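To keep things clear, I will list the structure first and then write my remarks on it.
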Amino acid sequence: MGSAGNVTWLQKLSEQLNVDVDWMDPAYTLSMPIVPHDMTSNQGWVHEQMCNPINEDLFKSVVKEYKDQGWLAIYTRMAVLMSKANIDNIQGRVLLQTLPSNAYNTEKTLEHARAYAREFESVGVSKDRFCIKIPSTGPALNACPILLQEGIRTLGTALFSVHQAIAASQAGCLYISPYYNEVRAHDEPELWPQSDDPALLHPMSPRLVQILETYKRLYKETGKEQPFLKNASFISPQEAMAAGELGCQSATISHQVLTQLAQLQYDGSKQPGEGVPKPEHPYKAAAPTPDRLKKIAQTDPLVGPNWDGKLSRTDIDYLENGGAALDKANEEDPQTKKRLKEALTLFIAAEKRSQAKIEEAMKHV
């Protein structure tokens, strides 16, 4: 890692949590000064990589081979092959997301997850090297226990609240990905709560602490493995470092922020707070919430000063009746309702761009 005086922010963060690359370009992953743990993606990244000139010949060959099976078969095959191109560049799993347009359809979500799994198997990627991202809605998360029985691990994505995190635990997810920033904040700076101390001041930090404390308690009470918290949607390197102090087990980070982290020299005396080295097990011997952050667990800035202080109950079955209780809770929390809808809208638009590209290519084969 270099001498104590020559450590980058990225190296320091990788001591505190698993650093993932939220980008699909294998050339970038190979250029990183560390080996990332997982590679994550979404419909936007799949589309960008599908349009990358380096994949033009691959795209044409897949369209030709799968043209009789429809656009989704081509999309799924391409996504898997582009993920496989990174499998030797990472330590852990590659992650792909089921169609967001089916986020409220259990069977369609199951079908797409299984299609990904079949394609991964066909190219020699075993089940312990991939994970399927599932939107944190009632119907979609209901696919996760079924997939788990089939050996297919999942991540609860588009997650903004404690109740969604509890539902993902009940669904047997391996990971969850709370979005630190709402998706629109990446393009609308006025929506970004920029701060030099995001661990303490960012409005999403309290919910992350509450999720982690809930998982620690559930593990202690039940002995059941809880999802790893894979924080996502960072805009600044300071926010990525905050994930370490908050106690997240992993962080999936864009190539832009990863590059910044690799260029900054770490000086603990200039950091508002500092994470601790990652434990061997995420919850068995988890570090307590840092003293300076304990007070934020009693707040919820996303609700505002009138928050009643009550956390979501863990004894509610959020998955029964097709996930009715989860969808009700999503509707009743204004920020979750808004951010979930906007995330799905963003990813559906990317999905439709890929569909249009593929269907146009199918006309010429």
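FYI, it's all coordinate maths here, none of it is from the lab. What you see is a predicted model, and the numbers here were worked out from it, not measured in a lab. Every residue, glycine as well, gets a Cβ built from its backbone with ideal geometry; the counts of neighbours run over all protein chains shown.
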### Summary
Counting only DSSP loop positions in the stretch 137-244, the GluC sites (Glu not before Pro) whose Cβ has at most 13 other Cβ atoms within 10 Å are Glu150
## Note on the structure
Within the set Gln97, Gln226, Gln49, GNM on the chain using Cα springs under 10 Å gives the largest fluctuation to Gln49
## Note on the structure
Rounded to the nearest Å, the spacing of the alpha-carbon centers of the stretch 84-108 and the stretch 257-324 is 25
### Task
Taking each pair of different alpha-carbon atoms in the stretch 1-66 once, compute 1/r for the pair, average those values, and report the inverse of that mean as the Kirkwood hydrodynamic radius in Å to one decimal.
14.1
### Task
Quick one: what are the phi-derived ³J(HN,Hα) couplings along the stretch 70-81, Karplus 6.51/-1.76/1.60 with θ = phi - 60°, whole Hz, x for glycine and proline?
x, 5, 5, 5, 5, 4, 5, 4, 4, 4, 5, 5
### Query
Average projected area of the Cα convex hull of the stretch 189-317, in nm²?
9.4
### Task
Sort out the exposed loop trypsin sites (Lys or Arg not before Pro) in the chain (DSSP loop, at most 13 other Cβ within 10 Å) and tell me the longest stretch that has none.
1-223
### Task
Could you tell me whether the stretch 181-259 comes out rounded, prolate or oblate from its Cα gyration tensor? Rule is a ≥ b ≥ c as square roots of the eigenvalues, rounded for a/c under 1.5, then prolate if a/b exceeds b/c, otherwise oblate.
prolate
### Summary
the chain: spread of alpha-carbon positions along the three principal axes, whole Å, largest first, is 62, 53, 41
## Note on the structure
Amide H contacts under 5 Å for Thr154, restricted to residues at least 5 apart in sequence or on another chain and with H modeled in the peptide plane, are Ile132, Leu174, Tyr175
### Query
Given R₀ = 35 Å, FRET efficiency for Asp196-Glu342 by Cβ-Cβ distance, to 0.05?
0.85
### Query
If the cut-off is 17 Å between C-alpha atoms, which lysines fall inside it for Lys278, apart from same-chain ones fewer than 8 positions away?
Lys12, Lys216, Lys230
### Message
With a cut-off of 8 Å between alpha carbons and a minimum separation of six or more residues, what is the relative contact order of the chain in percent?
### Response
23
### Simple Cβ-charge dipole of the stretch 9-362, Lys/Arg +1 and Asp/Glu -1, about Cα centre, in debye nearest 20
460
### Kirkwood-based shape ratio for the stretch 66-124, expressed as Rg/Rh from alpha carbons
0.99
